[in-house]
Structure formats: C-alpha cells, structure tokens
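Please read the structure below before turning to the comments.
Coordinate-derived values only; no laboratory data. Remember, predicted model here, so these are calculated numbers, not experimental data. Cβ sites come from the backbone with ideal geometry, for glycine too, and all protein chains shown count toward neighbours.
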Amino acid sequence: MSFDNLVKVRHSTVNFIEDEKMTEEDFKNIFELTKTAPSAFNLQFAEYLVITDKEKKERVKELSHNQYKIHTASAVILVMGNKNSIELPEIEKIYGPMKLLKMIDELEYEMTIETIKQYSERLKENPNELDMELARNVGLHAMLFMLSAKHFGFDTCPMHVHNVEELRNEFSIPAHLEPIMMITIGKSVDKVRSRGYRKPVGEFVNFNRY
Ligand SMILES: Cc1cc2nc3c(=O)[nH]c(=O)nc-3n(C[C@H](O)[C@H](O)[C@H](O)COP(=O)(O)O)c2cc1C
C-alpha cells in the first residue's frame, strides 16, 4: 500500500472483531518498524506494555470507563515514557556501542555525553518539561506504531489512560515509567467511522509569521 493510502485508511477503530488473536510475530513485525521512530538525542523514551490476556484486558476496561472495544480488541497496549532514559546508564547504552563500533570517535562520544547530561539536568530541575518531553517522544512513537500496525493489516484506536495509580498496582508498573496513552489493536469490524471534519490546511499552517 502506498504511504498516502496507508495514512488515509488508518482510522480510529469503532469496534474490533472478537477473538481475533495476534501472534508474537505480528507484534514483532510492527515493533521492528516502530523502533525507527525519532527521539530526542535518540534516547528512545517509549516503552510498551502489551496486554493480550483476557482477564487482564477486562481489568484495564474496568479502569478505562468500560470502553467496550477493550473487550473485543486483540490487545490493549499501554504506551509509557521511561524517565530513566535521561540517566547515564541508559545514555551509555545507546552511545557506548556506537563508540565501540567506531561510528563515533572518543571525542565525539565525550562531547555528546556531556551535551546530553546538561539536557538531562535541565529536565530533572523542571518536572513539567520532563513530562512534556515524554509526551512529545511517546506521541511520535505511538503514531508510528499505529501506522505500522495498519501496514501489517491491524487496526488501532488511541485512547487516554485513566486511573493511572490503579493500573500501576495492577500491572506492577515501576515509578520510572509514566503511562502516556493506550492503544487498542486488532481487526476492525466492518463499520468504519467516517473521517471526522478536518480543518483546511490554511487554517492550521502559517508560513514565516502569524
Ligand atoms: C489522546 C487521544 C485519546 C483518544 N481517546 C479515545 C477514546 O477514548 N475512545 C475512542 O473511541 N477514541 C479515542 N480517540 C480517537 C479519536 O476520537 C480519533 O482519533 C478522532 O476522532 C479522529 O478520528 P480518526 O483517528 O479515525 O481519524 C483518541 C485519540 C487521541 C489522540
């Protein structure tokens, strides 16, 4: 499918066909494409908790205003931002192998680590900015996930996360992971929501000045 078609046929699914199973291979294919998403300093903040277990899905449904599509979806996925991504061990995990493979030299490595440390300090001093940074990075990742899913024949619906503390307890989500959004995934029933009104481009794009 061409990219413009892919973008046009992605819709937020109204409801899923019940009992459609997704395999590990299905998820692997989708995530292999999704992992190419951009991220600040390539720190790759996004983490996914894929919930396929029926009972566990029901628990998420209860904690999410009982939206029925969580029941019929093959999986409900929690998309989270990892606050540890700005800690040195995580930074070294990304840049260490690049130095080893001589993709960057020692000097570039040291300069990059130093720059990221400063960025990291700024975020730690300003929790609102850290939240924004997680939302930016995770949002881009999640959009690529939904397009990749469609590419492999699966439908999705993005959702807000509700009752975060209960979800944390239920799924033992550690404090450094911040749930940002949910995505239900599966095979859509035939009913496709028509595309909601979209503002004309001229209404939301300006060039050079307001
Ligand atoms: C942050 C966010 C939360 C959303 N929450 C829900 C939701 O709880 N239930 C739902 O059916 N759709 C939800 N949606 C989907 C939107 O309603 C949908 O994207 C919008 O109406 C445009 O439709 P389209 O995605 O089919 O183009 C959400 C979308 C976003 C981005």
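Odds and ends about this structure:
- A Förster radius of 35 Å, combined with the Cβ-Cβ distance separating Glu121 from Phe207, puts the computed FRET efficiency at roughly 0.50.
- For the pair the stretch 1-59 / the stretch 152-184, the C-alpha centres are spaced 13 Å from each other.
- Counted charge near Asp26, where neighbours are those whose Cβ lies closer than 14 Å (Asp, Glu -1; Lys, Arg +1): -1
- Stretch gain in nm, segment Lys56-Asp105, where the contour uses 0.36 nm per residue and the Cα spacing is subtracted: 12.9 nm
- Proximal aspartates and glutamates to Lys102, defined as alpha-carbon separation beneath 18 angstrom and excluding residues fewer than eight positions away on the same chain: Glu92, Glu110
- The Cβ shell under 12 Å around Leu134 holds other residues with a net charge of -3, Lys and Arg each +1, Asp and Glu each -1.
- Mean Cβ count within 10 Å, highest first, over the residues of peptides 60-70, 34-44, 77-87, 189-199: 77-87, 60-70, 34-44, 189-199
- Environment charge at Leu63 (Cβ cut-off 9 Å; Lys +1, Arg +1, Asp -1, Glu -1): -1
- What the Cβ-Cβ distance of Leu88 and Asp4 gives, at R0 = 35 Å and to the nearest 0.05, is a FRET efficiency of 0.25.
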